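The values are calculated or read from the model by the stated rules, or taken from the named source; none is laboratory data. Please read these numbers as outputs of a predicted model, since none were measured by experiment. No Cβ is skipped: glycine too gets one built from the backbone with ideal geometry, and neighbour counts run over all protein chains shown.
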Amino acid sequence: MTTHPYTLAELCIAQCAEVWRGEGEVLATGIGVIPRTAAGLARLSFNPDLLMTDGEAYLLAEPVALGPRRARDPLVEGWMPYSRTFDLLWGGRRHALVGPVQVDRFGQMNISVVGDYAKPKAAILGARGFPGNSISHANSIFVPNHSTRVFVAGEVDMVCSAGYNPQRWPEGKVPSTLRIGRMITDLGVLDFGAANHAVRLLSVHPGVTVAQVQEATGFPIVVQAETPVTPAPTDEQLALIRERLDPRNLRGTVFKGDPPGDRR
Amino acid sequence: MNKKMTAADVVAQLRDGMTIGIGGWATRRKPMALVREILRSPLCDLTVVSYGGPDVGLLAAAGKLRKLIFGFVSLDVLPLDMHFRNARQAGAFEVMELDEGMVQLGLRAAAMRVPFLPTPVGLGTDVVARNPSIRLVRSPYHDASTLVAMPALRLDAALLHVTEADERGNSVILSPDPFFDDLMGRAAERVYVSCEQIVATAKICNHDRARYQPFERSVVTGVVETPFGAHPTAGVPGYGIDIDHLKEYNAATTPEAWAAYRARYVDLPSHDDYLAAVGGRLRINSIPPPVY
């Protein structure tokens, strides 16, 4: 139940946390303020079995607040250097929440280059671990700026993360280990649950219309007869976010002007 | 065997056109003193294998790269390295862009002296489609699945930065993550290890610390003492990432600014001069370890 006003960032955190519901004892990797806070929220509210790291080389027995650590060092429960992270992730027991630069209708993602591959308009990071992540374990997506620049028509410029595109796979067979979870954006929540893994709109955030979401997406999305409104974060979730996970309000810097979650 | 040498000795043993692996990860434990020595030398036409940070950016800005074999280049806290970015956008060097795990497998294959290691990683993506030199194989077992044959990444030389070493090449990495320095060492013909301090064997090799050794001394060709040799990247325990310096480095993108950066921090007579230029040992020592 929600009695307090909440921000768009807090709404997104609560929705992002949902990607780890029912996922069991997997490594939750969330990169960036909202995904990371969301992983902590999932761990504290409905999936106490999640594994989490400090972002460096240790597994933590408790979620840590974002920003400089003032009180004490967090309780460590294990060692997780990069070599072990690859051992773990190739085994599949991980669910990552990532922030790609481009996403297409197949769930293929790009964080490498935008534009021509030889002389790109924008060189970003490189493929990083996206190819291995995508074929090994579940991945969900957070997009803070839902637009046709992110959700592109056609394919992404450089396929870093594999998706449900049969033409990209040997013999046209998408492997069973490929699983793309939800996409949480500043406009709504989507997944790849329609026929043939087409993108479907699960909910729109309060004050956002279905037409707005479709307009901001470079490919057709499957829409239900009545699209639900994304539920508000509960008071308990808001307390965990504000007091425990992000007391310095770094989430307030994610969206310009830190808008309210209910834009009606 | 005494393997102690200077950074200049190391670079004198490298040749134009070599394939060089650089240890560490992004902004952590990069052998930056050795990289700056390459910038001061005429060495060129290099193929570099790296989990890239400012090592790649410096080499790109100085026009030393013929080819980059990589999964990413990042300054972590500042996500984009502008020197890498500008050179990549200009098409200044060839790229073999891989998944981070494929880089590891390529190094491991070289270390094992096999031509490739099979993996599903890369299937369905452009890291295979954009790298025609990477072939697929079919499993000879009942599954008959199609796999990527990640080719061995053989290195002519590896440049690594460790915490301590002795003159014989025994070394320890006391920072929280050893990364893939061990595989780079084994994948390379010649392995040059810079360290915070050269110490006596007795200090390196007690039973508690032996587990922090990345490889045995027979892997190592040369040992260079470079206190704060990973700066501006982190050399934990000891010093964190010098974010202020990385910001200055990352902003030096115009030809004039880059020339000024080089003059101030690279084209110096000695490593001691570098340490003085970046604010001195006390200042570096006071940089806190990073919090991620």
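Taken as a whole, the structure leaves A:Ala122 outside the set of residues that are more than 28 Å from B:Met82 (Cα to Cα) and either away from chain B (no Cβ under 11 Å) or modelled with pLDDT of 95 or more (or both).
Where in the stretch A:177-264 are there strands (runs of 3 or more DSSP E), lying wholly inside it, with at least 1 residues that are β-branched (Val, Ile, Thr) and free of Cβ contacts under 8 Å to residues at least 40 places away in the same chain? Let's see the steps before the verdict.
On the way: elements: A:180-185, A:188-191, A:200-204.
Of the strands (runs of 3 or more DSSP E) lying wholly inside the stretch A:177-264, those with at least 1 residues that are β-branched (Val, Ile, Thr) and free of Cβ contacts under 8 Å to residues at least 40 places away in the same chain span A:200-204.
In the stretch B:194-227, the residue that is nearest to the chain's Cα centre (by Cα) out of those that are without any contact (Cβ under 8 Å) to a residue 60 or more places away in the chain and closer than 20 Å to B:Ala8 by Cβ is B:Cys195.
Taken as a whole, the condition of being surrounded by 17 or more Cβ atoms within 10 Å (Cβ to Cβ), among the polar types (S, T, N, Q) and either within 12 Å of chain A (Cβ to nearest Cβ) or free of Cβ contacts under 8 Å to residues at least 60 places away in the same chain (or both) applies to B:Thr119.
The criterion of being touching a residue at least 12 places away in the same chain (Cβ under 8 Å), hydrophobic (A, V, I, L, M, F, W, C) and more than 10 Å from chain B (Cβ to nearest Cβ) does not hold for A:Ala57. Criterion applied to B:Arg186, B:Arg190 was being away from chain A (no Cβ under 12 Å), charged (D, E, K, R) and assigned to a helix (DSSP H, G or I), and the one residue passing it is B:Arg186.
Pairs meeting the criteria (first residue in the stretch B:42-64 and closer than 17 Å to B:Leu14 by Cα, second residue among the basic types (Lys, Arg), beta carbons under 7 Å, at least 6 apart or on different chains) are B:Leu43/B:Lys64; B:Cys44/B:Lys64; B:Asp45/B:Arg66; B:Leu46/B:Lys64; B:Leu46/B:Arg66; B:Thr47/B:Arg66; B:Thr47/B:Lys67; B:Asp55/B:Lys30.
Here's the yes/no breakdown for (1) over 30 Å from B:Phe228 (Cα atoms); (2) part of a helix (DSSP H, G or I); (3) of a type in the set (Lys, Arg):
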{"site": "B:Gly101", "(1), (2), (3)": "no, yes, no"}
{"site": "B:Ser133", "(1), (2), (3)": "yes, no, no"}
{"site": "B:Val137", "(1), (2), (3)": "yes, no, no"}
{"site": "B:Leu153", "(1), (2), (3)": "no, no, no"}
{"site": "B:Asp156", "(1), (2), (3)": "no, no, no"}
{"site": "B:Arg168", "(1), (2), (3)": "no, no, yes"}
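Scanning the stretch A:125-172 for residues that are more than 7 Å from chain B (Cβ to nearest Cβ), in a loop (DSSP other than H, G, I, E, B), of a type in the set (A, V, I, L, M) and within 18 Å of the chain's Cα centre (by Cα) returns A:Val150, A:Val152, A:Val156. Filtering A:Arg105, A:Arg94 for residues that are under 18 Å from B:Thr125 (Cα atoms), of a type in the set (Lys, Arg), crowded, with 19+ Cβ neighbours inside 10 Å and more than 9 Å from chain B (Cβ to nearest Cβ) leaves a single hit, A:Arg105.
Within the stretch B:31-46, is even one residue under 23 Å from B:Asn131 (Cα atoms) and not small (Gly, Ala, Ser)? Yes.
Taking into account only those residues within the stretch A:108-120 that are out of contact with any helix residue (DSSP H, G or I) (no Cβ under 7 Å at 6 or more places or on another chain), part of a loop (DSSP other than H, G, I, E, B) and of a type outside the set (Asp, Glu), which is surrounded by the fewest Cβ atoms within 10 Å (Cβ to Cβ)? Can you show your working first?
To start, the set of residues in the stretch A:108-120 that are out of contact with any helix residue (DSSP H, G or I) (no Cβ under 7 Å at 6 or more places or on another chain) comprises A:108, A:110, A:112-118.
Still in the running and part of a loop (DSSP other than H, G, I, E, B): A:108, A:112, A:115-118.
Next, only the ones that are of a type outside the set (Asp, Glu) stay: A:108, A:112, A:115, A:117-118.
Values: A:Gln108: 27, A:Ser112: 31, A:Gly115: 13, A:Tyr117: 15, A:Ala118: 11.
Applying the filter and picking the extreme gives A:Ala118.
Within the stretch B:60-76, if we keep just the residues that are within 11 Å of another protein chain (Cβ to nearest Cβ) and part of a loop (DSSP other than H, G, I, E, B), the residue that is surrounded by the most Cβ atoms within 10 Å (Cβ to Cβ) turns out to be B:Ser74.
Among the conditions (1) within 8 Å of another protein chain (Cβ to nearest Cβ); (2) more than 24 Å from A:Val174 (Cβ to Cβ); (3) part of a strand (DSSP E or B), the only one that B:Val95 does not satisfy is (1). Quick check on the stretch A:218-230. Is at least one of its residues under 17 Å from A:Ala38 (Cβ atoms) and touching a Gly at 6+ places or on another chain (Cβ under 8 Å)? Yes, the conditions are met somewhere in the stretch A:218-230. One residue stands out among those in the stretch A:176-201 that are over 13 Å from A:Gly107 (Cβ atoms) and out of contact with any Ser or Thr (no Cβ under 8 Å at 6 or more places or on another chain): the one that is surrounded by the most Cβ atoms within 10 Å (Cβ to Cβ), which is A:Leu187.
Within the stretch B:231-253, can one find any residue that is of a type in the set (Ser, Thr, Tyr), more than 14 Å from chain A (Cβ to nearest Cβ), more than 25 Å from B:Gln197 (Cβ to Cβ) and buried (at least 16 other Cβ atoms within 10 Å of the Cβ)? Give the steps one after another, and end with the answer.
Narrowing the stretch B:231-253 to residues of a type in the set (Ser, Thr, Tyr): B:233, B:239, B:249, B:253.
Filter again for more than 14 Å from chain A (Cβ to nearest Cβ), leaving B:239, B:249.
Right, trim to more than 25 Å from B:Gln197 (Cβ to Cβ) and you get B:249.
Checking the rest, the ones that are also buried (at least 16 other Cβ atoms within 10 Å of the Cβ) come to B:249.
Scanning the stretch B:231-253 turns up at least one residue that is of a type in the set (Ser, Thr, Tyr), more than 14 Å from chain A (Cβ to nearest Cβ), more than 25 Å from B:Gln197 (Cβ to Cβ) and buried (at least 16 other Cβ atoms within 10 Å of the Cβ).
Scanning the stretch A:29-53 for residues that are in a loop (DSSP other than H, G, I, E, B), within 18 Å of the chain's Cα centre (by Cα) and at pLDDT 90 or above yields A:Gly32, A:Phe46, A:Asn47, A:Leu50.
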